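The next block holds one structure in the form of structure tokens; read it before the comments.
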Amino acid sequence: MSERFCYRCGISESEGGPLIDGLCQVCYRKENPVLLIEDEINTELCQNCGSYKKRGVWVDPKSYELEELIFEVAENALLETLEDSLSDKIREYEVVPPEELDEIEDLPVGRAAVSFEPVDFHIEYFPAIIVYEVRVKAKTHELQRELHDERKRVTVYVRQTVCPRCQKFLGGYFEAILQVRAEDRPLTEEERKAIGKLVEQKVDEIMRRDRMGFIQDTIEKEEGLDFYMGSTSSARKIAQAIKERFGGTISEAYELVGIDRQTSKEVYRTSVSVRIPKFRRGDIVADRKGNVYEVERVDGKGLTLRNLENWESEHFDWKTAKREAIDTVEHEDSEAMVTSMSPREVQLMDMESYETYELNRPPFEVKEGEVYKMVGVKGRKYFRGKK
Ligand SMILES: [Zn+2]
Ligand SMILES: [Zn+2]
């Protein structure tokens, strides 16, 4: 049998073989490079929010520290480009640290190991420039004695831009208005604060998934709060969170605001309204039978009321509260001193008018000479508590 020779360099198979497709080992590797990446890569990050494109989709960065951020963006661009520019003989690859790549001497056919490290950079101003040394080891043919081992210097330019979300945000864009109101009364200061805090927390949570979930603006109105939101779904989620905390009802309305010039579709703006119940802790309410209560607690599930007759607490879910026609009643607050007691009754003296009146003994211990807070509803007096 006669000796075969490499058709490219002429070396004999016994010296430079085994031949692969007529090529010696060295020529095979040269003719079939695995690292086909270009010398320069351009990428960008949003100067407003630090986000950048990952496979065409804008994502928030892991780090907001500028130096780390620039490297994060540059490495992402490098790896995406690298993945797209490996030889199609490579079916899978892994990224390893350079020291680890040094040690690799064999790989399964179709597999590559990749490492990269920055060898030069200046990131003090934009575009930031980072030069990477990229190295790939790979095996593409089972007859290969030695792995492909290729290196290349790649320069990544990181430029600044404004992402589409921030373009909208900075342009004053909003998609929905979230209105927070209370039934039949303005929101209290306390409620405004609590709602503001809840909304902030919720937006942080939502923004991790919905980049358009931002608050464009918050308007304090006499009757309540208006939040201008980047997305309707964000407005809905926040409305739901407010309802869960404070109770109430949610409604939506739509308003035609124009025509999209690009799609010629009608553009609607959504108003999401949460109306929290009018009841607050300390309110005096009555049911349809005339029982009088003090409101102890209000939340998404319902009301906890203390019956002022027997001082027992009762929980009403919102449905029951509605059925029992629980509503605020006109009442007068006063103070009275216990002047005398019999086994079943107490005599009281109003601290302002000095008028005296009698009541059944309340379901708690009272003492002569002490002053109590009283509440009057429809001509009847109830003990509300100790002064
Ligand atoms: Zn050769
Ligand atoms: Zn942005």
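Out of all the residues in the stretch 156-176, is one or more more than 29 Å from the chain's Cα centre (by Cα), more than 16 Å from ligand 1 (Cβ to nearest atom) and open to solvent by less than 30 Å² (accessible area, probe 1.4 Å)? Show your work before the answer.
Let us first name the residues in the stretch 156-176 that are more than 29 Å from the chain's Cα centre (by Cα), namely 156-157.
Next cut, more than 16 Å from ligand 1 (Cβ to nearest atom) only: 156-157.
The next check asks that each one be open to solvent by less than 30 Å² (accessible area, probe 1.4 Å); those that pass are 156.
Yes, there is a match, as at least one residue in the stretch 156-176 is more than 29 Å from the chain's Cα centre (by Cα), more than 16 Å from ligand 1 (Cβ to nearest atom) and open to solvent by less than 30 Å² (accessible area, probe 1.4 Å).
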| task | Six or more apart or on different chains, Cβ under 7 Å: which pairs go from a residue in the stretch 147-173 that's not assigned by TED's automatic domain parsing to the domain that holds ASP217 to one that's within 16 Å of ligand 1 (Cβ to nearest atom) and open to solvent by 40 Å² or more (accessible area, probe 1.4 Å)? Could you list them? | result | HIS148/ARG29; GLU150/PRO33
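Could you identify the single residue in SER63, SER12, SER87 that is within 28 Å of the chain's Cα centre (by Cα) and either within 16 Å of ligand 2 (Cβ to nearest atom) or under 20 Å from HIS141 (Cα atoms) (or both)?
Details: SER12 fails: within 28 Å of the chain's Cα centre (by Cα); SER87 fails: within 28 Å of the chain's Cα centre (by Cα).
That would be SER63, the only listed residue that is within 28 Å of the chain's Cα centre (by Cα) and either within 16 Å of ligand 2 (Cβ to nearest atom) or under 20 Å from HIS141 (Cα atoms) (or both).
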| Using beta carbons and a limit of 6 Å, which pairs, at least six apart or on different chains, have the first residue in the stretch 199-211 and within 18 Å of VAL272 (Cβ to Cβ) and the second one open to solvent by 90 Å² or more (accessible area, probe 1.4 Å)? | ILE206/LYS237
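Is it true that LEU170 is within 16 Å of ligand 2 (Cβ to nearest atom) and within 30 Å of ILE259 (Cα to Cα)?
Values: within 16 Å of ligand 2 (Cβ to nearest atom): yes; within 30 Å of ILE259 (Cα to Cα): yes.
Yes: the conditions hold for LEU170.
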| In the stretch 274-383, which strands (runs of 3 or more DSSP E) lie fully inside it and hold 1 or more residues that are basic (Lys, Arg) and either in contact with a Leu (Cβ under 9 Å, 6 or more places away or on another chain) or on the phi > 0 side of the Ramachandran plot (or both)? | 292-298
| query | Out of all the residues in the stretch 217-242, which are under 13 Å from LYS202 (Cα atoms) and in a helix (DSSP H, G or I)? | reply | SER233, SER234, ALA235, ARG236, LYS237, ILE238, ALA239, GLN240, ALA241, ILE242
| query | Which strands (runs of 3 or more DSSP E) sit wholly inside the stretch 1-116 and have at least 1 residues that are crowded, with 17+ Cβ neighbours inside 10 Å? | reply | 40-46, 52-54, 92-95
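The values are calculated or read from the model by the stated rules, or taken from the named source; none is laboratory data. No experiment lies behind these values; they were computed from the predicted model shown. Cβ coordinates were reconstructed from backbone atoms using ideal geometry, including for glycine residues, and neighbour counts include every protein chain displayed. The accessibility values were calculated without ligands, DNA or RNA, using every heavy atom of the protein model including side chains. Shrake-Rupley method; radii C 1.70, N 1.55, O 1.52, S 1.80 Å.
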